[in-house]
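Contents: one structure, followed by commentary.
Derivation of every value follows stated rules applied to the coordinates shown; laboratory data play no part. Since the model is a prediction, treat every value here as computed from it, not as a measurement. For neighbour counting, all protein chains shown are included, and Cβ atoms are generated from backbone atoms with ideal geometry for every residue, glycine included.
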């Protein structure tokens, strides 16, 4: 923990015969979440508080960054904060990864997403007939947008399968998930000016297919509102995003595109993202945001490393695997 740089929360067992120990460690900046719960003398360590609801455990605490927690078979807990730094939880946990019924550092993920949608409507209004969430990722953002804008919320898109195109390893598999996973309700969309609200745009695979499907279903206009600022760099410290060249927000020369350029590329009538300031306001605390504010959004102790990784970042390859 004193030497390793990166985002992690890890659990492991130390085999000492009849008396094994459960260890938990968190990185000093607490990028990845880790929480402790208990029930009837049993303890549970997990990345999301929603797990406790599923197994009827009581939430005890969020494990601080840079900590070691040891639990023995008798239920004794030993905890020490080995390294203390300002915590910077991953902003993408709030935006995308965590389930909406979880809490991160006692902050409701649902409330954050609702507030981001509300701020989107306040800062980037548009005349339209209905607000339609991308299921299920855009639902809480869309609720906030519809509430603030006073535009009716309706279900114009149905999700047929629970797979995320973002984590698929090839473009072909990403396209297949999007094509096979969504249906469009013509009775809701036909002749309407539609605001589509989603959490993020990474490669643009999903949103292009969505817009084409909406237009085939008769949508008169398609306006896109996104609850996360443009992603411009991979997470070099913990999430499997292969290369900065895969992001739709960058052109072939590595320059950051304007919102209008991205809007034209995806075929929408308008496009607006949440700003970094709005994101900070909704979350209410400092976060790691290196993927949207490179390199300044990373913890200060990592800037030299991520700049080096960015230099050797090649399309289709993970930068950390190319380091000597």
Rounded FRET efficiency, nearest 0.05, which uses the C-beta distance separating residue 296 from residue 187 and R0 of 51 Å: 0.60
The chain: relative contact order in percent, alpha carbon pairs under 8 Å with at least 6 residues between: 13 percent
0 to 90° range, to nearest 10: angle between helix 171-181 axis and the chain longest Cα axis: 70 degrees
DSSP beta bridges in the chain [antiparallel fraction, %, rounded to 5]: 65 percent
Surface/4 of the Cα convex hull for the stretch 82-126, nm²: 4.3 nm²
Relative exposure of 115, 308, 48, judged by other C-beta atoms within 10 Å (fewest first): 308, 48, 115
Burial ordering of 237, 91, 1, fewest other beta-carbon atoms within 10 Å first: 1, 237, 91
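Just check the stretch 1-99 against the gyration tensor rule for me: Cα atoms, a ≥ b ≥ c as the square roots of the eigenvalues, rounded for a/c under 1.5, and otherwise prolate or oblate depending on whether a/b exceeds b/c. Kindly include the intermediate steps, with their values, before the conclusion.
Working: a/c = 2.15, a/b = 1.20, b/c = 1.80.
Note, shape of the stretch 1-99 comes out oblate.
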Stretchable slack from residue 54 to residue 255, in nm (0.36 nm times residue separation minus alpha-carbon distance): 67.9 nm
Where labels lie 7 Å past Cα in the beta-carbon direction, separation of residue 61 and residue 44 in nm: 2.0 nm
Answer label for Rg and Dmax of the Cα atoms in Å (calculated), chosen among (1) 21.2, 69; (2) 31.3, 103; (3) 21.9, 78: (1)
Added length on full extension, which subtracts the Cα-Cα distance from 0.36 nm per residue, residue 312 to residue 159: 51.3 nm
Sorted by Cβ density within 10 Å, fewest first, the residues 258, 49, 147: 258, 147, 49
Simple label model, 7 Å out from Cα along Cβ direction - residue 12 to residue 220, nm: 6.1 nm
Helix axis angle, 139-149 relative to the chain longest principal axis, alpha carbon, degrees: 50 degrees
Percent RCO, i.e. relative contact order, over the stretch 9-81, from Cα pairs under 8 Å lying at least 6 residues apart: 32 percent
